[in-house]
Amino acid sequence: MKILIGFITALLFTFTLSAQHGNAPAGRINFGVKGGLNYYNIYNDLNTNYDPRIGYHVGIFGHIHFNNYFSFQPEVVYSTQGAKYKFNSVDTRYNLNYINVPVLFQYMFDNGFRIQAGPQVGLLVSAKSINDNGTIDNRDDFKPLDFSLSVGLGYIFPPTGVGIGARYNHGIGNINKNDSSNSTNRGFQLGLFYIFGHN
């Protein structure tokens, strides 16, 4: 987590020094859509071993240019998360679905590559445990908000507006309402995005 915080601090510091030297119109805004795969798991301090859940994410975003190299990208993303757990030969899936709002700062290279980092807040939409015995709604067991740090990279195919991105989200807030144990969401995302009006 210290590495992620250090990366975000360095990115913001670099932006402060460089924001006045780009040639792109400051404040230029593009909008985009995105979607792809999730690979999420739940980690806790009780050493309970969960297996990852494969899900998906889909959302929209704004892409706000500071200059040619730096941009600000807020997003609204629906994300299926959670984990799987096996106990006494019973397989249980924990389906935690969120609306995530990452707020990312990006550095854009001239060759189409970009790196990004920033905080993310997630609003819990639903929480269910599913096994052969049925489905249980256990939303009341989890906090309504989740907090994460995100770091990622991407590549946009100029001048199409189509790109590919990969991201790691590291949960920093306990998602359990019962504070006797701490659990966090952590996951990788791989997906495609499209920026309207990109040039």
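Hey, what angle do you get for helix 2-18 against the long axis of the chain, alpha-carbon based, 0 to 90 degrees rounded to 10? Approximately 20 degrees, to the nearest 10. Approximating the spin labels as points 7 Å out from Cα along Cα→Cβ, the residue 99-to-residue 125 distance works out to 0.8 nm. Computed from backbone phi with θ = phi - 60° and the Karplus coefficients 6.51, -1.76 and 1.60, the 3J(HN,Hα) list for region 102-111 is x, 10, 10, 9, 10, 10, 10, 7, 5, 8 Hz; x is used for glycine and proline.
On full extension, the segment bounded by residue 181 and residue 31 gains 50.0 nm, given 0.36 nm per residue less the C-alpha separation.
Residues in region 88-97 carry Karplus couplings, in order, of 6, 6, 9, 8, 10, 9, 9, 9, 10, 10 Hz; the curve used is 6.51 cos²θ - 1.76 cosθ + 1.60 with θ = phi - 60°, and Gly or Pro positions show x. Full extension of the segment from residue 115 to residue 39, taken as 0.36 nm per residue of separation minus the current Cα-Cα distance, would add 25.4 nm. Contact order for the chain, expressed relative to its length and based on alpha carbon pairs under 8 Å spaced 6+ residues apart, stands at 21 percent. Taken along the Cα-to-beta-carbon direction at a fixed 7 Å, the label points for residue 141 and residue 49 span 2.0 nm. The H on the amide N of residue 138, modeled in the peptide plane, is under 5 Å from the matching H of 127, 128, 129, each at least 5 residues off or on a different chain. Selection among 195, 127, 182 by position relative to the dipole of region 102-199 gives 195 as farthest towards the positive end (Cβ unit charges, Cα centre).
For the chain, what does the helix formula give at 222 nm: sum of -39500 (n - 2.57) over DSSP H segments with n ≥ 4, over the residue count, nearest 500 deg cm²/dmol? When only DSSP H runs of four or more count, the value is -3000 deg cm²/dmol.
The string of couplings for region 39-53 from the Karplus curve (6.51, -1.76, 1.60, θ = phi - 60°) is 9, 10, 8, 10, 10, 9, 8, 9, 6, 6, 9, 9, 9, x, 9 Hz, one whole number per residue in order, with x for Gly and Pro.
Lys-Lys pairs in region 2-195 that are eight or more residues apart or on separate chains and whose Cα atoms lie under 19 Å of each other come to 5. Simple point charges give the picture: +1 on the Cβ of Lys and Arg, -1 on the Cβ of Asp and Glu, and for the chain a dipole about the Cα centre of about 220 debye.
Every number here is computed from the coordinates shown, using simple stated rules; none is lab data. Every value quoted in this text rests on a predicted model; they were computed, and no experiment measured them. Cβ sites come from the backbone with ideal geometry, for glycine too, and all protein chains shown count toward neighbours.
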